[in-house]
Amino acid sequence: MTNPQIMNEENTQVLNLVQAMLGSITPNFRYVFLKCTPTGVLLHFLLEHENLEDREEIDEIVFEFEALQLQFIDVEVVVSVDKRALGDLNIPIPDRTVYGRKETV
């Protein structure tokens, strides 16, 4: 059973990330995942192809996300670039999907 306080904190972080992403998601973003850790939050962005502008957007998202925190937390950021289907990727998928674009199978 999940601790309600932990779930509440995770839901708060999801809302913070959604707020930080407003207006920043481009068609190149495939997925955005979030995982709460004992010391902070892991944010994982999956892009379809490498793009400098999208990397800058991710930096902005992280900046906005950190600004929404009530106190300092450790924010770890992972960016993966891959065109393969999500199930074919060899990457650990964090707990919560915050954004996922519609993809054809």
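Given the criterion at pLDDT below 95, among the β-branched types (Val, Ile, Thr) and surrounded by fewer than 14 Cβ atoms within 10 Å (Cβ to Cβ), identify the matching residue among Thr26, Thr37.
Going through Thr26, Thr37 in turn, the sole match is Thr37.
Return the total of residues in region 59-77 being touching a strand residue (DSSP E or B) at 6+ places or on another chain (Cβ under 9 Å) and either buried (at least 20 other Cβ atoms within 10 Å of the Cβ) or charged (D, E, K, R) (or both). Working first, answer last.
Taking region 59-77 and keeping what is touching a strand residue (DSSP E or B) at 6+ places or on another chain (Cβ under 9 Å), we get 59, 61-62, 65-66, 69, 72-77.
Narrowing the set further to residues that are either buried (at least 20 other Cβ atoms within 10 Å of the Cβ) or charged (D, E, K, R) (or both) leaves 59, 61, 65-66, 74, 76.
So the answer is 6.
Criterion first (of a type outside the set (Asp, Glu), surrounded by 14 or more Cβ atoms within 10 Å (Cβ to Cβ) and within 25 Å of Thr12 (Cα to Cα)) does Val81 satisfy it? Steps first, please.
Values: of a type outside the set (Asp, Glu): yes; surrounded by 14 or more Cβ atoms within 10 Å (Cβ to Cβ): yes; within 25 Å of Thr12 (Cα to Cα): no.
No.
The values are calculated or read from the model by the stated rules, or taken from the named source; none is laboratory data. Since we're looking at a predicted model, the values are computed, not measured. Here Cβ is always computed from backbone atoms with ideal geometry, including for glycine, and neighbour counts include all displayed protein chains.
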